[in-house]
1. Consider Asn209 carefully, then state whether it is touching a strand residue (DSSP E or B) at 6+ places or on another chain (Cβ under 8 Å), touching a residue at least 24 places away in the same chain (Cβ under 8 Å), crowded, with 21+ Cβ neighbours inside 10 Å and not in a strand (DSSP E or B).
2. Among residues belonging to region 220-240 that are farther than 15 Å from Cys277 by Cβ and not in a loop (DSSP other than H, G, I, E, B), point out the one that is least open to solvent (accessible area, probe 1.4 Å).
3. From (1) in a strand (DSSP E or B); (2) crowded, with 23+ Cβ neighbours inside 10 Å; (3) on the phi < 0 side of the Ramachandran plot, pick out the condition that doesn't hold for Asn302.
4. Would you confirm whether or not region 15-33 contains a residue that is outside any strand (DSSP E or B), of a type in the set (D, E, K, R) and at pLDDT below 90?
5. Working carefully through the options Pro143, Pro87, find the one that is buried (at least 21 other Cβ atoms within 10 Å of the Cβ), within 23 Å of the chain's Cα centre (by Cα) and in a loop (DSSP other than H, G, I, E, B).
6. Inspect all residues belonging to region 360-372 and state whether any of them is farther than 22 Å from Thr259 by Cα, modelled with pLDDT under 90 and not small (Gly, Ala, Ser).
7. Residues Phe343, Phe378: which one is outside any strand (DSSP E or B) and either buried (at least 19 other Cβ atoms within 10 Å of the Cβ) or at pLDDT 85 or above (or both)?
8. Scan Leu348, Leu333 and give me the residue that is open to solvent by less than 10 Å² (accessible area, probe 1.4 Å), closer than 23 Å to Phe229 by Cα, part of a strand (DSSP E or B) and touching a strand residue (DSSP E or B) at 6+ places or on another chain (Cβ under 7 Å).
Amino acid sequence: MKNFPKILTIFLLVISAAHAQQEKGIIGLNNWLNNWTEFKPNKVDYGEANQILAVNITANTKLYKKNVYLLQGNVYVTNNAVLTIEPGTKIIGDFDTKGTLIITKGASIIADGLETDPIVFTSNRSLRKAGDWGGIVILGDAPLNKFGGVASVNTGSNTDFIPTLTSYGGNNPAANSGIMRYVRIEFAGSKLSTGGGNLNSLFLAGVGNKTILQNIMISFSGGNSFEIFGGDTNLSQVVSYKSSNDDYRFNYGAQSNLTNSLAIRSSFLSSKNGSRCLDIASYNKKEEVDFAKKQTLVVATNLTLVNNSANINADIESGLVKEAVYIAENASLNCKRTVISGFKPAVLLDSKIQLNDENLARIKLESMYFNNCKGNIFIVDNSNNEDLESHYGQTNFFNYYSPNSNNAETFIDFANEKRPDFRLQLSKITASN
């Protein structure tokens, strides 16, 4: 881990548009990826487990850096207990039992790592792959838009419908489920044994805005990297790297701020239905939600969403690349100062969204940099996007379209320029295995 940032320099493009110069993409005075991230996790030896986590945690418990813990099966933190994890601690998810950590409603996790000593959750296989183990589930009592205000999560075990273990949702947007900071989650997102689909590397359901979610890196996820159902969340300086499914998925009335964050996709790692950087919806079935409640709203600022490919145009033409951002009906996105590079198209709207003032007000795209995407903004099954291009191409939105620059040209090192912004040398981030 310590060697990789020596070759990883980040400075993101500042575009001179016709009317204004805009900072776009991840920014910062320093390279906040230094020290704690790992882009080649299969090369790291995390050691052998000497402790086992295999039973429910019902009282305040602390995990120590001196140990390596094997997470076996579903481990629930219950009874309002606090699970505290020291910086530098390694927790290894068991492949055979699909180890999964569930923080139940009322309980909390304090996983507060350090930049130089992150907390790591990873797989126990010698050759680690996406979906080796379950992931981390955090359940809170912040609002969601379902009728009744509560729901249960499928954790793939026979405890699925025990409300004290799997329920989430309530009336407290300021709920506090703890801290996740300087944490890596690798090779999670195993297939569910019941109900189909996959677990997600980090599932936040009904999580409130007093929960700290910063500097979290998720790599090689078999399910979605970050999935947010309901709640009121603030995520900053988070990374999704080469996920098989969506990087950031929001649903069921999520009120979320996503800032200064990164998603790097690979053309060859995707679910059969395609995978997106941002997937924003208010429900799966319209009849399950209460429209008197808040529907999903995502405010996304200074993101960098990139499909990393040696030949993006060839991958797009062969059908390996889909849209970067998908927005369903009755969901809202306010996206600013964001780079979207190498997708087909950049943004896709659900076919049920009618182009009227009300819906266009829900979907704000400002100071964006659309680079080398086959199409910028479209509606599903409608190849005529003239109205959308006309709307979002207005000068007051400051959106910039670049049809020719490939990623290697776009993300060049400007280390000699003293600018307080990042630029990613994607040529340095190659296949990790």
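1. Numbers: touching a strand residue (DSSP E or B) at 6+ places or on another chain (Cβ under 8 Å): yes; touching a residue at least 24 places away in the same chain (Cβ under 8 Å): yes; crowded, with 21+ Cβ neighbours inside 10 Å: no; not in a strand (DSSP E or B): yes.
The answer is no for Asn209.
2. Looking at the filtered set, the residue picked out is Thr233.
3. The failed condition is (3).
4. First, the residues of region 15-33 that are outside any strand (DSSP E or B): 17-20, 24-26, 28-33.
If we keep only those that are of a type in the set (D, E, K, R) as well, we get 24.
Add one more test, that the residue is at pLDDT below 90, and what stays is 24.
Within region 15-33, one or more residues are outside any strand (DSSP E or B), of a type in the set (D, E, K, R) and at pLDDT below 90.
5. Numbers: Pro87 fails: buried (at least 21 other Cβ atoms within 10 Å of the Cβ).
Exactly one of Pro143, Pro87 is buried (at least 21 other Cβ atoms within 10 Å of the Cβ), within 23 Å of the chain's Cα centre (by Cα) and in a loop (DSSP other than H, G, I, E, B), namely Pro143.
6. Yes, region 360-372 contains a residue that is farther than 22 Å from Thr259 by Cα, modelled with pLDDT under 90 and not small (Gly, Ala, Ser).
7. Working: Phe378 fails: outside any strand (DSSP E or B).
Being outside any strand (DSSP E or B) and either buried (at least 19 other Cβ atoms within 10 Å of the Cβ) or at pLDDT 85 or above (or both) holds for just one of Phe343, Phe378, which is Phe343.
8. On the way: Leu348 fails: open to solvent by less than 10 Å² (accessible area, probe 1.4 Å).
None of the others qualify; the one that does is Leu333.
The values are calculated or read from the model by the stated rules, or taken from the named source; none is laboratory data. Remember, predicted model here, so these are calculated numbers, not experimental data. In this analysis, Cβ positions are derived from the backbone assuming ideal geometry, glycine residues included, and neighbour counts consider all displayed protein chains. Surface areas here come from the heavy atoms of the whole protein model, side chains and all, with no ligands, DNA or RNA. Shrake-Rupley method; radii C 1.70, N 1.55, O 1.52, S 1.80 Å.
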